[in-house]
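The values are calculated or read from the model by the stated rules, or taken from the named source; none is laboratory data. This is a predicted model, so every value here is computed, not measured. For neighbour counting, all protein chains shown are included, and Cβ atoms are generated from backbone atoms with ideal geometry for every residue, glycine included. Surface areas here come from the heavy atoms of the whole protein model, side chains and all, with no ligands, DNA or RNA. Shrake-Rupley method; radii C 1.70, N 1.55, O 1.52, S 1.80 Å.
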Amino acid sequence: MAVSGSSVEFPGSLTSSSLPPPRTRIFKIIVIGDSGVGKTCLTYRFCAGKFPEKTEATIGVDFRERLVDIDGESIKIQLWDTAGQERFRKSMVQHYYRNVHAVVFVYDVTNAASFRSLPAWIEECKQHALGTEVPRILVGNKCDLQDSVQVGTDVAQQFADAHSMPLFETSAKNPNSPGGGSCGNSDHVEAIFMTVAHKLKSQKPLVLSQPPGGSGGTINLSRVMNDRGEGNTGWGCSSC
Ligand SMILES: Nc1nc2c(ncn2[C@@H]2O[C@H](COP(=O)(O)OP(=O)(O)OP(=O)(O)O)[C@@H](O)[C@H]2O)c(=O)[nH]1
């Protein structure tokens, strides 16, 4: 057979146009902590790039997504924003503890009670078979409110060390607050979730299929928040 040029097509061979689209890996990260610590604001800030003007108590669980590029691979970070209030979470708990790749524990640096609740949140994870092999991080939020801080960095760091988690102090509201220590980094919220994503990517791949026909959604009974327009409407919980 004469061959001219650099490519030969055989009958039935796969060409680039017939190859199935690459699967997008999805990392499911759950965000938990007391009501009012800022879970919705943190997840919204990462996915929508801004602080939400108004939030209401989460009912059930919301999830927000953002597609990021990590070392040339397109990865979907799916943040599950869970209700902090017991009465709004009971019926949903079993959904969001399934197929979890990482956990973000959040407390409010201006609310010591939210810090004291952390062992109970860790225990809840344990009860749902989330072991220490699942990466976990601790986030102290609202550090823009410097005059009202009740939880010092030292005590938080001790707790984080005791539970083998990295600690991040940040503000979903104003990561640029002057003199804000770790708040002084304008992209701190971004860095927190990207750090988790990098860690997950470097681990043995955990592949979840892209849910057919849509991505993202909400299990919240009352509201939906959109992300940067990468698709976040409707029920899309096939990975949970
Ligand atoms: N100053 C300041 N306020 C914040 C920050 N993050 C959140 N808030 C405020 O804290 C309140 C609660 O924020 P949410 O994000 O709704 O808290 P949540 O943890 O999702 O609460 P639940 O949905 O009830 O579990 C809202 O009034 C926010 O505007 C922050 O970094 N700094």
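Suppose the filter is within 16 Å of the chain's Cα centre (by Cα), at pLDDT 50 or above and closer than 29 Å to Arg23 by Cβ; does Ala191 pass it? Give the derivation first.
Working: within 16 Å of the chain's Cα centre (by Cα): yes; at pLDDT 50 or above: yes; closer than 29 Å to Arg23 by Cβ: yes.
Taking the combined requirement at face value, the residue satisfies it.
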- Go through Val37, Val104 for me and flag whichever is aliphatic (A, V, I, L, M), surrounded by 15 or more Cβ atoms within 10 Å (Cβ to Cβ) and more than 9 Å from the ligand (Cβ to nearest atom). Val104
- Task: Output the residues belonging to region 52-91 that are open to solvent by less than 20 Å² (accessible area, probe 1.4 Å), of a type in the set (Lys, Arg), closer than 22 Å to Asp108 by Cβ and more than 9 Å from the ligand (Cβ to nearest atom).
- Result: Arg64
- Looking at (1) open to solvent by less than 10 Å² (accessible area, probe 1.4 Å); (2) touching a helix residue (DSSP H, G or I) at 6+ places or on another chain (Cβ under 7 Å); (3) at pLDDT 95 or above; (4) hydroxyl-bearing (Ser, Thr, Tyr), which is the only condition Thr110 fails? (1)
- Task: Look at Cys143 and say whether it is in a loop (DSSP other than H, G, I, E, B) and open to solvent by less than 20 Å² (accessible area, probe 1.4 Å).
- Result: yes
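Residue by residue, here is whether (1) of a type in the set (Val, Ile, Thr); (2) part of a helix (DSSP H, G or I) holds:
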residue: Thr43; (1), (2): yes, yes
residue: Phe51; (1), (2): no, no
residue: Ile77; (1), (2): yes, no
residue: Gln94; (1), (2): no, yes
residue: Trp121; (1), (2): no, yes
residue: Gly131; (1), (2): no, no
residue: Val134; (1), (2): yes, no
residue: Gln150; (1), (2): no, no
- Task: Please specify each residue of region 72-105 satisfying the condition of being within 12 Å of the chain's Cα centre (by Cα), of a type in the set (A, V, I, L, M) and more than 15 Å from Val61 (Cα to Cα).
- Result: Ile77, Ala102
- Message: So for region 124-138 (the condition being touching a residue at least 12 places away in the same chain (Cβ under 8 Å), of a type in the set (Asp, Glu) and under 19 Å from Ile192 (Cβ atoms)), does at least one residue qualify?
- Response: no
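From the list Glu65, Glu56, which residue is in contact (Cβ under 8 Å) with a residue 12 or more places away in the chain, more than 17 Å from Asn174 (Cβ to Cβ) and assigned to a loop (DSSP other than H, G, I, E, B)?
Details: Glu65 fails: assigned to a loop (DSSP other than H, G, I, E, B).
Testing whether each residue is in contact (Cβ under 8 Å) with a residue 12 or more places away in the chain, more than 17 Å from Asn174 (Cβ to Cβ) and assigned to a loop (DSSP other than H, G, I, E, B) leaves just Glu56.
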- Message: So, in region 40-51, how many residues would count as being open to solvent by 10 Å² or more (accessible area, probe 1.4 Å) and either within 13 Å of the ligand (Cβ to nearest atom) or among the β-branched types (Val, Ile, Thr) (or both)?
- Response: 7
